[in-house]
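Below is one structure; the comments refer to it alone.
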Amino acid sequence: MKFPIYLDYASTTPVDQRVYEEMIKYLKYDGIFGNPSSRSHIYGWKAEQAVEKSRKNISNLINSDAREIIFTSGATESNNLAIKGSINFNKTEKLHVISGETEHISVLDTLYNLQENGIELTLLSPNKNGIIHPKRLEEKIKKNTVLVSLMHVNNETGIIQDIESFCKICKSRKILFHVDATQSIGKIPIDVSLIPIDLMSFSSHKIYGPKGVGALFLRRKPPIYFKAQIHGGGQEKNFRSGTLPVHQIVGMGKACAILKDEMNLENKKIKLLRDKFLSGIKEKNNILLNGDPINNIPNILNITFLGIDSKTLIILLKDLAISSGSACSSEKENSSHVLKAMGLNHFLSKSSIRFSIGRFTSKEDISFAINQINNTIKILKENSKY
Ligand code: PMP
């Protein structure tokens, strides 16, 4: 066992050994280190081949055309690119965008930024389980709605939104539909040949690939009026300039290829661990499970420990690496905007912890975590009596 036990896989994952072994072939002089944009020699050609193989691996996971994958620096950039890039500022009327209150901060902040520049924004609120009913989307669509951006799986609660219904509604009104699939890719099968999503963001470091690389799926047919946000050498068909980080792209490609083969098995294993964890915690403590009992992915659990301050608990649980919510927002937020949108008051929100399980979590890790949590809460409660 490795201490502290890592239960924060929704924040980031370690690089898989097989990914690492693939990546190191693309760094040194005796390996493939060329610039994929170098067209005049074999160093460049080999690097380009590696990039294209990875593009194919990524597209295989979502059943898209490889040409529909644009490499970025991660999901934050993909979300920025999808939203800013797809809004056609040339129109004279005020444009309207719809998103959700529980979106990741990289979507919300991008939208607030656009709002400052005149875009009209509607944020849909979820029900108490975090689910946005498709009817809510339908009700909020206006004549000037040009884009809907909604996430697939929430990073704090693990709930799954009904992107298929959202997509149907958008397509029937000819509105662009963007999905932040950062937490769902490699966990839930997504087939863009069946669901006509226009744009979809994802990241490598949530799926056992390296940090600093991600992708945006950009549908080719029908073509989308789309504008680059980073300008320069015209890489990625002019949609995203900058020299491609080949070793990272290769890592992401390998991570996707592994998941294509192993996703189902991995999910089954994680579900068993999640059930064991939850029943072990539930048995001894007064808890609320934040999220939806049916529509959730097995690797994220958001739990409110009634009457316990989560910050204190996290400090006391020093043998566990856990968090109260999103790492990306923790520098900005005092309490979770996701839990607030689901109707949790400040006290409940401050008593909540996210646990996320992953590829390297063992049964022993889970048993240890259950004991630690139960014992620590028992001591906290006993002390609070005096
Ligand atoms: N969207 C979601 C749902 C996320 O969970 C994250 C990462 N926490 C991001 C976007 C941003 O991803 P990245 O770290 O690759 O920028």
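Could you count how many residues in region 240-257 are open to solvent by 40 Å² or more (accessible area, probe 1.4 Å) and assigned to a helix (DSSP H, G or I)?
2
Of everything in region 86-114 that's of a type in the set (Ser, Thr, Tyr) and more than 16 Å from the ligand (Cβ to nearest atom), which residue is modelled with the lowest pLDDT?
Thr92
Residues of region 194-239 being polar (S, T, N, Q) and open to solvent by less than 10 Å² (accessible area, probe 1.4 Å), which ones? So that I can check it myself, show each step before the final result.
Here is the first cut: in region 194-239, the residues polar (S, T, N, Q) are 201, 203-204, 229, 235, 238.
Selection gives Ser201, Ser203, Ser204.
Only one of Thr122, Thr102 is buried (at least 19 other Cβ atoms within 10 Å of the Cβ), of a type outside the set (A, V, I, L, M) and more than 30 Å from Gly253 (Cβ to Cβ). Can you tell me which?
So the residue among Thr122, Thr102 that is buried (at least 19 other Cβ atoms within 10 Å of the Cβ), of a type outside the set (A, V, I, L, M) and more than 30 Å from Gly253 (Cβ to Cβ) is Thr102.
Does Ser172 qualify as being open to solvent by less than 10 Å² (accessible area, probe 1.4 Å) and polar (S, T, N, Q)?
no
Just give me the residues in region 354-370 being out of contact with any Pro (no Cβ under 8 Å at 6 or more places or on another chain) and open to solvent by 90 Å² or more (accessible area, probe 1.4 Å), in sequence order.
Lys363, Glu364 - these are the residues of region 354-370 that are out of contact with any Pro (no Cβ under 8 Å at 6 or more places or on another chain) and open to solvent by 90 Å² or more (accessible area, probe 1.4 Å).
Going by the structure shown, is Asp191 surrounded by fewer than 24 Cβ atoms within 10 Å (Cβ to Cβ) and not assigned by TED's automatic domain parsing to the domain that holds Lys340?
Yes, satisfied.
Since Ala82 meets every condition but one in (1) open to solvent by 10 Å² or more (accessible area, probe 1.4 Å); (2) in contact (Cβ under 8 Å) with a residue 60 or more places away in the chain; (3) within 16 Å of the ligand (Cβ to nearest atom); (4) not basic (Lys, Arg), which condition does it not meet?
Ala82 satisfies every listed condition except (1).
Between Leu273, Leu313, Leu278, which is closer than 26 Å to Gly209 by Cα, open to solvent by less than 30 Å² (accessible area, probe 1.4 Å) and assigned to a helix (DSSP H, G or I)?
Leu273
For every residue, the table says whether it meets (1) more than 27 Å from Thr361 (Cβ to Cβ); (2) open to solvent by 10 Å² or more (accessible area, probe 1.4 Å); (3) assigned to a helix (DSSP H, G or I); (4) not hydroxyl-bearing (Ser, Thr, Tyr).
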site: Lys2; (1), (2), (3), (4): no, yes, no, yes
site: Ala10; (1), (2), (3), (4): no, no, no, yes
site: Pro14; (1), (2), (3), (4): no, yes, no, yes
site: Lys25; (1), (2), (3), (4): yes, yes, yes, yes
site: Ile32; (1), (2), (3), (4): yes, yes, no, yes
site: Asn35; (1), (2), (3), (4): yes, yes, no, yes
site: Ser40; (1), (2), (3), (4): yes, yes, no, no
site: Tyr43; (1), (2), (3), (4): yes, yes, yes, no
site: Arg67; (1), (2), (3), (4): yes, yes, yes, yes
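Are there any pairs, at least 6 apart or on different chains, whose C-beta atoms fall under 9 Å, with the first in region 182-196 and farther than 16 Å from Lys221 by Cβ and the second among the aromatic types (Phe, Trp, Tyr) and part of a loop (DSSP other than H, G, I, E, B), and if so, which?
Taking only residues 6 or more apart or on different chains, the pairs are Gly186/Tyr208.
Is at least one residue of region 13-28 over 24 Å from the mean Cα position of the chain (by Cα), more than 16 Å from the ligand (Cβ to nearest atom) and at pLDDT below 95?
Narrowing region 13-28 to residues over 24 Å from the mean Cα position of the chain (by Cα): 21, 24-28.
Remaining after also requiring more than 16 Å from the ligand (Cβ to nearest atom): 21, 24-28.
In the following step, the residues that additionally are at pLDDT below 95 were identified as none.
Looking through region 13-28, none of the residues is over 24 Å from the mean Cα position of the chain (by Cα), more than 16 Å from the ligand (Cβ to nearest atom) and at pLDDT below 95.
Contact list please: Cβ distance under 7 Å, first residue in region 283-297 and of a type in the set (Val, Ile, Thr), second residue part of a loop (DSSP other than H, G, I, E, B) and surrounded by fewer than 19 Cβ atoms within 10 Å (Cβ to Cβ), pairs at least six apart or on different chains.
Within 7 Å, the pairs are Ile287/Leu306; Ile297/Ile188.
Is it fair to say Asn117 is open to solvent by 30 Å² or more (accessible area, probe 1.4 Å) and within 24 Å of Gln183 (Cα to Cα)? Steps first, answer last, please.
Numbers: open to solvent by 30 Å² or more (accessible area, probe 1.4 Å): yes; within 24 Å of Gln183 (Cα to Cα): no.
No: the conditions fail for Asn117.
Could you list, ordered by first residue, the pairs with Cβ atoms under 6 Å in which the first is in region 136-160 and among the hydroxyl-bearing types (Ser, Thr, Tyr) and the second is within 11 Å of the ligand (Cβ to nearest atom), at least 6 apart or interchain?
Going by the 6 Å Cβ cut-off, the qualifying pairs are Ser149/Val107.
The values are calculated or read from the model by the stated rules, or taken from the named source; none is laboratory data. All values derive from a computational prediction rather than experimental measurement. Here Cβ is always computed from backbone atoms with ideal geometry, including for glycine, and neighbour counts include all displayed protein chains. Calculation scope for accessible area: heavy atoms of the full protein, side chains included, ligands and nucleic acids excluded. Shrake-Rupley method; radii C 1.70, N 1.55, O 1.52, S 1.80 Å.
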